[in-house]
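Structure first, then comments.
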Amino acid sequence: DAGVIQSPRHEVTEMGQEVTLRCKPISGHDYLFWYRQTMMRGLELLIYFNNNVPIDDSGMPEDRFSAKMPNASFSTLKIQPSEPRDSAVYFCASIKPGTIEALGAYNEQFFGPGTRLTVL
Amino acid sequence: GQSLEQPSEVTAVEGAIVQINCTYQTSGFYGLSWYQQHDGGAPTFLSYNALDGLEETGRFSSFLSRSDSYGYLLLQELQMKDSASYFCAVRDYGYGGSQGNLIFGKGTKLSVKP
C-alpha cells in the first residue's frame, strides 16, 4: 500500500493568498484526521471525518479554515486568506475501518508525510 | 483543562536504557499511546496501553498506571537511529458525543550519543 499521500510537500505563499492542502488516505480507511504541528503548540487536531462526514471540527482555529472530504479517497484543507501565523506542518492521518470499537486499534493512526506551509 | 506533560529533552548514550514519562489530565480516558517522529518525518505509532501494566514490543516497552494518570515509554539498547521525538497521546472523549480523538503531548526530543 502507498500509505497516506499528501500534496504539496512544501508550500510557500504570501499573506492573504488562498492555500489548499490535499490528502489521500490509505485505501479502505474510513476515518481521516487533519493535524497542525508547530513548535509552540505541538500537534493539534483540527478536524476529523468518518465515512466522508465531518465529525469533530472543534479544533479548526477560525473561519478562515475549511475542510472537505468529497469522497473516500480525497480530502482538502483550505485556508483563505492565509496569515503568517498559519505557518506550520499540516498532517493528515487515517485509521483502519471497523477499529473504532476496538479500543486498542483506534489509537494507531497512519500519518502522511505532511505539508510544510510557510506564509510570508 | 486537558494537558499531557512530558520532558522536553532527554539525552542518553548508545546501548543505554532511557525512560520517557508522561502524566496526563484529560476529561476522558480511553488509553495512552506513544508515537515516534524523526526530524522532518511523520509521527509513527509505537504502542498503546488501555489497561494498567507493561506492554513490551521488542526494545520498546510502555507502561500505564491509570490511578496515577501516568505512563512511560522505556527504550532499551539504545541505537543512534532512536534519536527522534517521542509523543504520548491520550484518546479522549469527543466533542458533542463523537468517538473521541487523540490529544498529543508536546513531545520529548531524545538524543542518542555514541
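State all residues of region B:63-82 that are modelled with pLDDT under 95 and within 14 Å of chain A (Cβ to nearest Cβ); if no residue qualifies, say none.
Hit for region B:63-82 is B:Arg66, nothing else.
Residues of region A:54-70 being more than 14 Å from chain B (Cβ to nearest Cβ) and touching a helix residue (DSSP H, G or I) at 6+ places or on another chain (Cβ under 9 Å), which ones?
Selection gives A:Pro61, A:Arg64, A:Phe65.
Looking at A:Gly16, A:Gly42 in this structure, which one is among the small types (Gly, Ala, Ser) and in contact (Cβ under 8 Å) with a residue 24 or more places away in the chain?
Exactly one of A:Gly16, A:Gly42 is among the small types (Gly, Ala, Ser) and in contact (Cβ under 8 Å) with a residue 24 or more places away in the chain, namely A:Gly16.
Being in contact with a Cys (Cβ under 9 Å, 6 or more places away or on another chain), surrounded by fewer than 20 Cβ atoms within 10 Å (Cβ to Cβ) and more than 14 Å from chain B (Cβ to nearest Cβ): is that true of A:Thr13 here?
Spelling it out, it is not the case that A:Thr13 is in contact with a Cys (Cβ under 9 Å, 6 or more places away or on another chain), surrounded by fewer than 20 Cβ atoms within 10 Å (Cβ to Cβ) and more than 14 Å from chain B (Cβ to nearest Cβ).
Any idea how many residues of region A:16-35 are under 15 Å from A:Gln109 (Cβ atoms), crowded, with 20+ Cβ neighbours inside 10 Å and more than 10 Å from every other protein chain (Cβ to nearest Cβ)?
Residues that pass the stated criteria total 4.
Could you count how many residues in region B:19-49 are crowded, with 17+ Cβ neighbours inside 10 Å and farther than 30 Å from A:Thr115 by Cβ?
2
Yes/no matrix, rows are residues, columns are (1) modelled with pLDDT under 95; (2) touching a strand residue (DSSP E or B) at 6+ places or on another chain (Cβ under 8 Å):
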{"residue": "A:Val4", "(1), (2)": "no, yes"}
{"residue": "A:Phe33", "(1), (2)": "yes, yes"}
{"residue": "A:Glu62", "(1), (2)": "yes, no"}
{"residue": "A:Phe74", "(1), (2)": "no, yes"}
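Considering only residues that are in a loop (DSSP other than H, G, I, E, B), more than 7 Å from every other protein chain (Cβ to nearest Cβ) and modelled with pLDDT under 70, which ones fall in region B:83-114?
B:Tyr93, B:Gly100 - these are the residues of region B:83-114 that are in a loop (DSSP other than H, G, I, E, B), more than 7 Å from every other protein chain (Cβ to nearest Cβ) and modelled with pLDDT under 70.
The values are calculated or read from the model by the stated rules, or taken from the named source; none is laboratory data. Model, not experiment: these values are computed from the prediction. FYI the Cβ positions are ideal-geometry reconstructions off the backbone, even for glycines, and counts take in every protein chain you see.
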